[in-house]
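Taking it in order: structure first as structure tokens, then the write-up.
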Amino acid sequence: MALFQTQTPPPIYNHGFSFKTHSYSPVALPYHLPPPSLPLSVSSMKTHHQSSLFSPSTVKRKLLCSPPHGKHVREDYLVKKVSAQEVQELVKGDRDVPIIVDFFATWCGPCILMAQELEMLAVEYESNVRIIKVDTDDEYEFARDMQVRGLPTLLFISPDSSKDAIRTEGLIPLQMMRDIIENEM
Amino acid sequence: MTLQLQAPSFAASLSSFVSPLNRSTRRPVIRAKAEPSDKSVEIMRKFSEQYARKSGTYFCVDKGVTSVVIKGLADHKDSLGAPLCPCRHYDDKPAEAGQGFWNCPCVPMRERKECHCMLFLTPDNDFAGPEQAISLEEIRESTANM
């Protein structure tokens, strides 16, 4: 089992993510984005222009661009927090994509940066990689059994059950994560 | 461990219920993770500033990381009596706090200026910022949504 140990990021690391000084939640897109059906309602409004319900401004509006599909709007976070049992079920069950398990703690600073990186990775890989996170304060016994020490700890589990899992400790660059996924797959 | 932290707040909220009607409908929620006390946060904030100056290290460019770690230290100080490193998982927290290896400033920091929490960063570190100070307001703002 290969073991990467990084305390500080290597100098070639490219700062791919922006540092937010105030909020740590990944970009929370508003839920009130116009639904894709709006263009249809706008055109239908034009035919009912005599109705007193619609103001003149809404009737004459031209649709300049279609609203986004809102693929990632429905959930707050792509990386879901799961229980130990769910992790075990996922690992024991049929795996067709690599699984990344992120062990974190609430008050661990680098874990927040890692969570942001993993959200970006989740957007990039979509359904080709399954990324989940485990709170080591909640799942104390599981973290102890997995011998988690430093946080954050990432566990890369290959869909191929003959391959060993890869474990990294500390904040690692996004590119390193991509390399592990590509080489693993 | 976390339950005993909640005990004072639990008692306080119970005493505020006067009518029996309230008691049946409203029940205080016991949260899994407590917010560290303001006093501890202030103590750990002052310690972090002082130790950064003393060791010649700097806070992270992203002050949010610094804030979260300071709060983590404060949380452990409240629950264990010692500021155990928040970026590690321990088999037995009270024993570790008593032993002292991972009490901030931990041995790796004291010996080699290695802080994997990214609280104290040497100037050559990519993430090191220019500052050795952080205000309580900055800490509050950065961790407001946690």
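Within the set B:ASP92, B:ASP126, the sole residue that is more than 21 Å from B:SER37 (Cα to Cα), at pLDDT below 95, surrounded by fewer than 19 Cβ atoms within 10 Å (Cβ to Cβ) and more than 9 Å from chain A (Cβ to nearest Cβ) turns out to be B:ASP92. Checking each residue in the stretch A:63-119 for being of a type in the set (Gly, Ala, Ser) and either modelled with pLDDT of 90 or more or buried (at least 16 other Cβ atoms within 10 Å of the Cβ) (or both) picks out A:SER83, A:ALA84, A:ALA105, A:GLY109, A:ALA115. If A:ASP135 satisfies every condition in (1) in contact with a Leu (Cβ under 8 Å, 6 or more places away or on another chain); (2) touching a residue at least 24 places away in the same chain (Cβ under 8 Å); (3) over 19 Å from A:GLU184 (Cβ atoms); (4) within 10 Å of chain B (Cβ to nearest Cβ) but one, which is the exception? Result: A:ASP135 fails condition (1) only. Scanning the stretch A:142-180 for residues being within 10 Å of chain B (Cβ to nearest Cβ) and charged (D, E, K, R) gives a total of 3.
Across the stretch B:45-65, what is the total count of residues that are closer than 23 Å to B:GLU111 by Cβ and more than 7 Å from every other protein chain (Cβ to nearest Cβ)? Talk me through it step by step, then tell me what you get.
Step one: filter the stretch B:45-65 for residues closer than 23 Å to B:GLU111 by Cβ, giving B:47-60, B:65.
Narrowing the set further to residues that are more than 7 Å from every other protein chain (Cβ to nearest Cβ) leaves B:47-60.
Summing the residues that are closer than 23 Å to B:GLU111 by Cβ and more than 7 Å from every other protein chain (Cβ to nearest Cβ) in the stretch B:45-65 gives 14.
Every test in (1) surrounded by fewer than 21 Cβ atoms within 10 Å (Cβ to Cβ); (2) modelled with pLDDT of 95 or more; (3) of a type in the set (Gly, Ala, Ser) is passed by B:ALA144 save one, and that test is (2). A residue that is touching a Phe, Trp or Tyr at 6+ places or on another chain (Cβ under 9 Å), within 20 Å of A:GLU169 (Cα to Cα) and either facing chain A (nearest Cβ under 8 Å) or in contact (Cβ under 8 Å) with a residue 24 or more places away in the chain (or both) cannot be found anywhere in the stretch B:134-144. Among the listed residues B:GLU35, B:GLU42, which satisfies the condition of being acidic (Asp, Glu), under 12 Å from the mean Cα position of the chain (by Cα) and either in a helix (DSSP H, G or I) or farther than 23 Å from B:SER135 by Cβ (or both)? B:GLU42 is the lone residue from the list that is acidic (Asp, Glu), under 12 Å from the mean Cα position of the chain (by Cα) and either in a helix (DSSP H, G or I) or farther than 23 Å from B:SER135 by Cβ (or both).
Checked against (1) closer than 22 Å to B:GLY64 by Cβ; (2) without any contact (Cβ under 8 Å) to a residue 60 or more places away in the chain; (3) among the acidic types (Asp, Glu), B:GLU111 passes all but a single condition, namely (1). Scanning for something within 12 Å of chain A (Cβ to nearest Cβ), touching a residue at least 24 places away in the same chain (Cβ under 8 Å), touching a strand residue (DSSP E or B) at 6+ places or on another chain (Cβ under 8 Å) and assigned to a loop (DSSP other than H, G, I, E, B), does the stretch B:72-84 turn up at least one residue? Checked the stretch B:72-84: at least one residue is within 12 Å of chain A (Cβ to nearest Cβ), touching a residue at least 24 places away in the same chain (Cβ under 8 Å), touching a strand residue (DSSP E or B) at 6+ places or on another chain (Cβ under 8 Å) and assigned to a loop (DSSP other than H, G, I, E, B). Scanning the stretch B:96-121 for residues that are closer than 17 Å to B:LYS54 by Cβ and either outside any loop (DSSP other than H, G, I, E, B) or of a type in the set (Lys, Arg) (or both) yields B:ASN103, B:VAL107, B:PRO108, B:MET109, B:ARG110, B:GLU111, B:ARG112, B:LYS113, B:LEU121.
The values are calculated or read from the model by the stated rules, or taken from the named source; none is laboratory data. Small disclaimer: the values here were computed from a predicted structure and weren't measured. Cβ coordinates were reconstructed from backbone atoms using ideal geometry, including for glycine residues, and neighbour counts include every protein chain displayed.
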